[in-house]
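Computed from the coordinates by the stated procedures, all read-outs in this text should not be read as laboratory data. Nothing here was measured: the structure is a model prediction, and the numbers come from that model. With ideal geometry, Cβ positions are generated from the backbone for all residues, glycine too; neighbour counts draw on all protein chains shown.
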Amino acid sequence: MTRGDGQHYGTGVLPEHRGHGLGRWMEAETIRLVRERHPDLGGLLADTADGNTYMRGINDALGYVPTHRTVHYRFDL
Ligand SMILES: CC(C)(COP(=O)(O)OP(=O)(O)OC[C@H]1O[C@@H](n2cnc3c(N)ncnc32)[C@H](O)[C@@H]1OP(=O)(O)O)[C@@H](O)C(=O)NCCC(=O)NCCS
């Protein structure tokens, strides 16, 4: 029996350390740990902005597939 999904959130790498595989490694290691510690979990959700091509590239490479779309509007009041 699966118990719903987990939320994968808040990956960040300091600017001076980007482009060396740390983001991809952290994302992959998080998925591995979640599977090990929560084997009954149905899946993992990750919200990534369309324009965040580096993070989208990491998620695509690790097997994330688009399931939903959220549109955020910002108004200056
Ligand atoms: C997104 C982020 C976590 C990526 O971290 P990272 O350690 O640079 O990631 P990686 O080194 O694994 O790079 C992933 C891909 O993006 C490319 N990339 C990342 N930063 C790059 C840069 N500054 N210039 C060119 N390419 C870059 C890498 O070459 C790699 O491409 P590849 O998959 O074709 O090899 C980092 O840019 C970041 O902290 N951004 C701000 C916070 C953020 O957006 N978090 C995600 C919220 S959903």
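Which whole-percent values make up P(r) of the chain when all C-alpha to C-alpha distances are grouped in 10 Å steps starting at zero?
Result, from short to long distances: 15, 45, 28, 10, 1 percent.
Long-range amide H contacts for residue 44: which residues qualify at under 5 Å (H placed 1.01 Å from N, peptide plane, sequence gap of 5 or more or a different chain)?
Amide H neighbours of residue 44: 6.
Which order, highest average first, do 47-55, 23-31, 66-74, 35-43 follow once you tally other Cβ atoms within 10 Å for each residue and take the mean per peptide?
Descending packing order for the listed peptides: 23-31, 47-55, 35-43, 66-74.
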